[in-house]
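Inspection log for the structure reproduced underneath, given as structure tokens.
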Amino acid sequence: MFTDEKWSSSKNWFIAAVFWIIIGMSMGLLTATKQIWPELLNNRWTTYGHVRSAHVMLVIYAWLSMAYVGSMFYMIPKLAKTKVYSEKLGNFALVFYNIVILEGFFALLFGQTEVIEYGEFPLWVDVQLLVAIGLVAYNLFKTVGQRTEKMLYVSLWYFLGSLLWLPLTWIVGNFPAQWIPSGVQQGLMGWFLGHNAIGLWMTTVGVGQIYYLLPKLTGRPLYSHQLSMIGFWAIATFYVWNGPHHLMNGPIPGWISKAGVIPSIVLLIPVWAVLANFWGTMKGSWAQTRTSVPLRFTMAGTIFYLFACLQGPLQALPSVSSVIKFTHWTVGHAHMGPFGAFSFTSFAAIYYILPKIVGREMFSKRAMEAHFWFSTVGFLVFAFSLWIAGVVQGFAWIEGVPFLQTVLMMEPYVQGRAIGGTMMYVAQFFLAWNMYKTIKLAKLEKKQQAQQQAATA
Amino acid sequence: MERKPSAVLIVALILWTFGVAGTVILPLFDQEINSATASGELRNYPEDSAEARGREVYIQNGCQTCHTQFVRALPADTNQNLGPVSQGGDYKYDLPHLLGSNRTGPDLMWVGLKYNEDWQRQHLIDPQSTSPGSIMPSFDYLSNQELDDLVAYLMSLKPTEERLEEYKKEINLEKPLDNN
């Protein structure tokens, strides 16, 4: 029933991912629009709260995670110089994973939520998702197990770590509320997931992707093996401790706050190590970003990664947090890593890997260009609207401007965000269309080739 | 280690465990967050009370996506007149927690002090009628029962009298709390 075809898992996970980016981002755009017209599609199912939750959960666990798994089903066997342990299992896991996501999506629309941010699916969905992730991890661990290349390239370290950390972190964050002794305790557990879904899954798989793509796309060896080791272990050591900064200045004891804030600032070390390595590798290759869209997506991703990681530690300072926490700023920041950095590297991965799998170039270079520029410009409009809004809002609260008035002040920025968001959304149709065309043409060409061969034989 | 995936995994697991121990396990032993304050006791709703059902309505409709219940000892919160600074023990029975992360709408930690039942009900049905320019969607699709329960829950979000007096003394505030 499930195909055993070489690279079919990677390809199918990518196709599903791109389907979900369209659905997930429509939810996002609807959320943004509802902040302008609150009555738009307002009913028991698609009320603001449901749509926002669905957006967050779908873009992370449907789009980005599926694109990551798609990348890993190609990159891991390549790095291990072997084939995927079981393409059949990979395809089965994909179908199962998609059913679970669909269940979670509908659960949220029906008002079933666990409240935990980045872990909003109800428990009965969480358990199934854990099994699906487990199937993927098992398949990929087995693939590494049958490697013929003895050296473990740094991307493999990141992928192995991430595949171990995600399920464990998922369990901590989604622990049933009735077994937890207090609300703040659950807050800490929830933010452990909230931050580490980013730190030990999105960041680490994304960085692994970049480590794979850069040498391939530029044709140059990695700048420093040493730096990549430092970066990996520093991320693994310090990221885990970041959760508590989400409750900063709040109802947690001072020591927990410090245990969260200090590692957040120390994170500058791995970020520096990782980026120095990326940009060291790029030395002399920057001109190629003009012609190679995948390389340009990757580099834009690293730049957004830098800015996200400069913002992060800064925001973890209690003084900065006291102005921008709870404002629109946070929303802008929360999009920079998942969209600006790691969706970009995933786009690059798709554009690099898909042609290798189907045996033909991407159908349209122009569509790739449009995808890049709409995504980038859209994101900048979106993010700067929110950042400016956040600072204005934060200081207005401090000055004691009545709350309702601060909402009215935000109107132009909220509109700016929706405009930027529309561009980000439109961009993804270029990706989807281009992918569809490429796969369809590749099939056609293969058929023609086979016919020709049959005719000449 | 550069040749042994199992070694990478083991060290990765150990480092992860340290983080869990520090930020998840250790807090379990902290009295400050795990024993209820008097105001926290007020949120220990009897099963199937109007407040408990109302809390469910609050969660099911995603109120927590726009409203925090989280007052900090900071100018942003004191100048907004949000009420007493929240303490760990206020959330002892707040499960799943409703701390929130975004204030698209105002904080609701002590919203029960600020308005009466009629205002709350009217505001839920037609937010713009009580708060012109508000971007809160209407919850007129809720049944009467759900609205009653939700209002009961919102009205229950209050500190004890003593806590309130203490707070007023602290910030030297004699006027009643009103956050427009």
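The values are calculated or read from the model by the stated rules, or taken from the named source; none is laboratory data. Computed from a predicted structure; not experimentally measured. Note that each Cβ is placed from the backbone with ideal geometry, even for glycine, and that neighbours are counted across all protein chains shown.
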Quiz item: Can you find even one residue in the range A:196-207 that is of a type outside the set (S, T, N, Q) and farther than 27 Å from B:ILE25 by Cα?
Solution: yes
Quiz item: Out of (1) part of a helix (DSSP H, G or I); (2) more than 7 Å from chain B (Cβ to nearest Cβ); (3) under 30 Å from A:LEU306 (Cβ atoms); (4) aromatic (Phe, Trp, Tyr), what's the single condition that is false for A:PHE141?
Solution: (3)
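For the range B:34-54, indicate whether the set of residues that are under 24 Å from B:LYS114 (Cβ atoms) and within 7 Å of chain A (Cβ to nearest Cβ) is non-empty.
Checked against the condition, which is being under 24 Å from B:LYS114 (Cβ atoms) and within 7 Å of chain A (Cβ to nearest Cβ), the range B:34-54 yields no hits at all.
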Practice problem: Being farther than 14 Å from A:ALA177 by Cβ and of a type in the set (Gly, Ala, Ser) is the filter here, so list the residues in the range A:109-129 that pass it. | Solution: A:GLY111
Self-check item: Lone qualifier among B:GLU51, B:GLU32 - being assigned to a helix (DSSP H, G or I) and within 27 Å of A:ASN249 (Cα to Cα)
Solution: B:GLU32
Quiz item: If you take the residues of the range B:67-95 that are more than 7 Å from every other protein chain (Cβ to nearest Cβ) and outside any loop (DSSP other than H, G, I, E, B), which of them is surrounded by the most Cβ atoms within 10 Å (Cβ to Cβ)?
Solution: B:ASP77
Quiz item: Among (1) more than 9 Å from chain A (Cβ to nearest Cβ); (2) on the phi > 0 side of the Ramachandran plot, where does B:GLY62 come up short?
Solution: (1)
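Just to be sure before I move on: is A:ARG360 in a loop (DSSP other than H, G, I, E, B), within 28 Å of the chain's Cα centre (by Cα) and farther than 30 Å from B:ASP107 by Cβ in the structure I sent?
The answer is yes for A:ARG360.
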Quiz item: Does A:THR298 satisfy being among the hydroxyl-bearing types (Ser, Thr, Tyr), part of a helix (DSSP H, G or I) and surrounded by fewer than 21 Cβ atoms within 10 Å (Cβ to Cβ)?
Solution: no
Practice problem: State whether one or more residues within the range A:180-197 are within 17 Å of the chain's Cα centre (by Cα), at pLDDT 95 or above and polar (S, T, N, Q). | Solution: yes
Quiz prompt | First in the range A:164-175 and closer than 12 Å to A:TYR118 by Cβ, second anywhere and polar (S, T, N, Q), Cβ under 7 Å, 6 or more apart | solution = A:THR169/A:ASN196
Quiz item: Can you pull out the helices (runs of 4 or more DSSP H) entirely within the range B:124-180 that have at least 1 residues that are at pLDDT below 95, over 26 Å from A:LEU408 (Cβ atoms) and out of contact with any Phe, Trp or Tyr (no Cβ under 7 Å at 6 or more places or on another chain)?
Solution: B:161-171
Quiz item: Conditions: (1) in contact with a helix residue (DSSP H, G or I) (Cβ under 9 Å, 6 or more places away or on another chain); (2) more than 13 Å from chain A (Cβ to nearest Cβ); (3) surrounded by fewer than 19 Cβ atoms within 10 Å (Cβ to Cβ). B:GLU165 meets all but one. Number of the miss?
Solution: (1)
Self-check item: Any chance A:ALA287 is assigned to a helix (DSSP H, G or I), touching a Leu at 6+ places or on another chain (Cβ under 6 Å) and away from chain B (no Cβ under 11 Å)
Solution: no
Quiz item: Under 6 Å by Cβ, and 6 or more places apart or on different chains, what pairs join a residue from the range A:227-241 that is over 15 Å from B:GLU2 (Cβ atoms) with one that is crowded, with 20+ Cβ neighbours inside 10 Å and not hydrophobic (A, V, I, L, M, F, W, C)?
Solution: A:ALA234/A:PRO270; A:ILE235/A:PRO270; A:PHE238/A:PRO263; A:TYR239/A:GLY199; A:VAL240/B:GLY19; A:TRP241/A:PRO263; A:TRP241/B:GLY19; A:TRP241/B:THR23
